[in-house]
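The values are calculated or read from the model by the stated rules, or taken from the named source; none is laboratory data. Quick caveat: nothing in here was measured; it's all calculated off a predicted structure. Here the Cβ is made from the backbone with ideal geometry for all residues, glycine too, and neighbour counts use every protein chain on show.
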Amino acid sequence: MRGLVIVLLAAVTAFAADEPWTKVRDLKSGTELRIFKKGGMHPILAKMEEANPDSLIIVLKNEELAIPKDQIDRIDYRPLKTGGRVTKETRSTVETADAKTAAESPNNVPGETTSSSTNYVFNSQPDFQTIYRRPPPEPKK
């Protein structure tokens, strides 16, 4: 019984250790990545091509590059945004003026007044989110 518990615990630990890399493997090709390499000063900005169990293949300036998994400290990805870069917002209001209100207005005309305004909002890109961190080394026995 004790042996079964140890085997089950080892299997759960192995599965949990590989789970973050599984999330990297599930990213779509073309996803924007920010990769922090072991000992590197600056992150690498690239597009995801594919991830296999041993390495991450990226596109950097129209050139494919493979980075071994053991050289990666952290991977951040930029989620795909929905909608376009520019959003148009239009607001229209209709006001009805009676004779009393019209007498106070500069035009002195009773009836409906319509106003409309249009704004264009430029959407920024979403922030990077961390998807993978290299697990800490296992303690030595």
Within the bounds of the stretch 85-104, is there any residue that is modelled with pLDDT of 90 or more, assigned to a strand (DSSP E or B) and either touching a strand residue (DSSP E or B) at 6+ places or on another chain (Cβ under 7 Å) or at positive phi (or both)? no
Arg78 being surrounded by 10 or more Cβ atoms within 10 Å (Cβ to Cβ), on the phi < 0 side of the Ramachandran plot and modelled with pLDDT of 85 or more
yes
Pairing a residue in the stretch 127-141 that is closer than 13 Å to Thr31 by Cα and exposed (fewer than 12 other Cβ atoms within 10 Å of the Cβ) with any residue that is modelled with pLDDT under 85 and aromatic (Phe, Trp, Tyr), where Cβ atoms lie under 6 Å and the two sit 6 or more apart in sequence or on different chains, gives none
All-but-one check, Met48 against (1) closer than 14 Å to Ile131 by Cβ; (2) out of contact with any Ser or Thr (no Cβ under 6 Å at 6 or more places or on another chain), failing number (2)
Per the list (1) at pLDDT 90 or above; (2) surrounded by 14 or more Cβ atoms within 10 Å (Cβ to Cβ), residue check on Pro20 breaks on (1)
